[in-house]
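Notes follow the structure.
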Amino acid sequence: VPVVLLGTFGVLAAFGYSINTLTMFALVLAIGLLVDDAIVVVENVERIMSEEGLSPLEATRKSMGQITGALVGIGLVLSAVFVPMAFMSGSTGVIYRQFSATIVSAMALSVLVAIVLTPALCATMLKPLKKGEHHVAHRGLAGRFFNGFNRGFDRTSESYQRGVRGIIHRPWRFMGIVAALFMLMGVL
């Protein structure tokens, strides 16, 4: 987060923009997106380490091969949403130009950090896992909470997967239920 924020402030200074309410709002919005990029990288590395028992370095290499395109794609799509705002005319354009520059620069830096810095940190800081193991605190109050949460999440995930499998195996029954719900909504 600090690297992206400092880089974004540098871009704002290069364009001659001040830090105001609109640029701060854009930064708040961008922080949520930038944290999301880092979470995607770390979670995928941890998943590969857990499922395949690879070392952090090997898992990071494999993970980045899987998700680099998605990270770049997300950054491009979000930039494509905000770049046109920079070309609006009139007084509205002046206001949105700062907002657009802030969001797009923060997104570009976020993707760069997610592709370069986060994998380097994963490869050097994550501890190796045995196959089927997860990074979880196993003792104390926090450990009990997280272990219970993970068990509940796993049960919910398995239940959801069973439901989706049932829908896939009986699509006509599911479509009938959906049609009946639409008719019921029409009656109400």
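Every number in this text was worked out from the coordinates using simple rules, so none of it is lab data. In this text the structure is predicted, and so the values were computed from the model without any measurement. Cβ sites come from the backbone with ideal geometry, for glycine too, and all protein chains shown count toward neighbours.
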Using a simple spin-label model with points 7 Å from Cα along the Cα→Cβ vector, what separation in nm is obtained for Val116 and Met88?
3.2
Determine the calculated [θ] at 222 nm for the chain from helices alone, applying -39500 (n - 2.57) to every DSSP H run no shorter than 4 residues and normalising by the residue count; nearest 500 deg cm²/dmol.
-29500 deg cm²/dmol
Hey, got the dipole for region 2-125? About the Cα centre, +1 on K and R Cβ, -1 on D and E Cβ, debye to the nearest 20?
400
Starting with the highest mean, order 103-113, 140-150 by the number of other Cβ atoms within 10 Å, averaged over the residues of each peptide.
103-113, 140-150
Would you work out which of Ala30, Phe99, Asn20 lies farthest towards the positive end of the dipole of the chain? Charges go on Cβ: Lys and Arg +1, Asp and Glu -1.
Ala30
On each of the three principal axes the extent of the alpha-carbon atoms of region 62-125, given in whole Å and largest first, is 49, 19, 8
Going toward the positive end of the dipole of region 1-120, with +1 on Lys and Arg Cβ and -1 on Asp and Glu Cβ, which of Ile74, Pro84, Ser50 do you reach last?
Pro84
Taking 30 Å as R0, compute the FRET efficiency from the Cβ-Cβ separation of Ile95 and Val72 and round it to 0.05.
0.55
Using the Cα gyration tensor of region 92-188, with a ≥ b ≥ c the square roots of its eigenvalues, what is the shape: rounded (a/c below 1.5), prolate (a/b larger than b/c) or oblate (neither)?
oblate
Ellipsoid semi-axes in whole angstrom, largest first, where each is sqrt(5λ) of the Cα gyration tensor of the chain
37, 30, 16
Dividing the mean separation of Cα pairs under 8 Å (6+ apart) by the residue count of the chain yields a relative contact order in percent of 28
